């Protein structure tokens with residue numbers, strides 16, 4: 001079984017966050033959701049757990065950072081194409097997120113943009129042509 005990742009995010013308004021993440025393409029998993037937490041599924045291996053502040057506090061004694069004013073982590077997910085990168089950022093904008101809080105990246109073989117969710121968490125969306133990236137970085141692909 002492949003390893004799974006669950007990104008736990010504290011949110012101030014669970015319903016608003018649910019709507020936002022559904023708008024950018026995540027699917028709510030009701031099996032792991034209630035009125036304090038929602039499991040949003042991006043793929044078979046990538047999940048975001050949206051947790052009310054009270055629920056989030058059950059997992060840490062540290063203060064919850066205000067993601068609009070501080071940054072502890074940048075979350076990056078891959079995309080199938082440059083067009084899909086742009087489409088996801090546009091969906092985030094239409095759903096109330098802020099597009100491109102970090103600089104766009106365009107290296108030809110790699111293209112990335114970002115969006116900020118309603119609570120200030122930054123997500124990067126990246127597409128990369130792996131063969132072109134290896135060539136650009138001077139790597140020689142091994143053939144098995």
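The values are calculated or read from the model by the stated rules, or taken from the named source; none is laboratory data. Remember, predicted model here, so these are calculated numbers, not experimental data. Positions of Cβ are generated from backbone atoms using ideal geometry, with glycine treated the same way; all protein chains shown enter the neighbour counts.
So here's what we get for this one:
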read-out	value
Residue that is farthest from residue 129 (Cα to Cα) [pool: residues in the stretch 86-115 that are in a strand (DSSP E or B) and in contact (Cβ under 8 Å) with a residue 40 or more places away in the chain]	115
Failed criterion for residue 10 (all others in (1) more than 13 Å from the chain's Cα centre (by Cα); (2) farther than 17 Å from residue 116 by Cβ; (3) at pLDDT 95 or above hold)	(2)
From 121, 53, residue being more than 18 Å from residue 24 (Cα to Cα) and touching a strand residue (DSSP E or B) at 6+ places or on another chain (Cβ under 6 Å)	53
When residues of the stretch 125-134 are limited to those that are in contact (Cβ under 8 Å) with a residue 24 or more places away in the chain and surrounded by fewer than 20 Cβ atoms within 10 Å (Cβ to Cβ), the one nearest to residue 65 (Cα to Cα)	126
Qualifying positions in the stretch 7-22 - closer than 12 Å to residue 40 by Cα, outside any helix (DSSP H, G or I) and in contact with a helix residue (DSSP H, G or I) (Cβ under 9 Å, 6 or more places away or on another chain)	8, 9
Selected residue (criterion: farthest from residue 13 (Cα to Cα)) from residues of the stretch 81-97 that are in contact with a helix residue (DSSP H, G or I) (Cβ under 8 Å, 6 or more places away or on another chain) and exposed (fewer than 15 other Cβ atoms within 10 Å of the Cβ)	94
Single residue of 20, 59 found to be under 24 Å from residue 4 (Cβ atoms) and surrounded by fewer than 16 Cβ atoms within 10 Å (Cβ to Cβ)	59
Selection count where residues are surrounded by fewer than 16 Cβ atoms within 10 Å (Cβ to Cβ) and in contact with a strand residue (DSSP E or B) (Cβ under 7 Å, 6 or more places away or on another chain), scope the stretch 62-76	4
Search result, residues across the stretch 23-50 that are touching a helix residue (DSSP H, G or I) at 6+ places or on another chain (Cβ under 6 Å) and surrounded by 17 or more Cβ atoms within 10 Å (Cβ to Cβ)	24, 37, 38, 39, 40, 50
In the stretch 23-37, the residues that are touching a strand residue (DSSP E or B) at 6+ places or on another chain (Cβ under 6 Å), over 17 Å from residue 96 (Cα atoms) and outside any strand (DSSP E or B)	32, 33, 36
Test for residue 48: is it without any contact (Cβ under 8 Å) to a residue 24 or more places away in the chain and under 11 Å from the mean Cα position of the chain (by Cα)	no
Where residue 40 falls short, out of the listed (1) closer than 20 Å to residue 122 by Cα; (2) modelled with pLDDT of 95 or more; (3) assigned to a loop (DSSP other than H, G, I, E, B)	(3)
Lone unmet requirement of (1) touching a helix residue (DSSP H, G or I) at 6+ places or on another chain (Cβ under 9 Å); (2) not in a strand (DSSP E or B) for residue 77	(2)
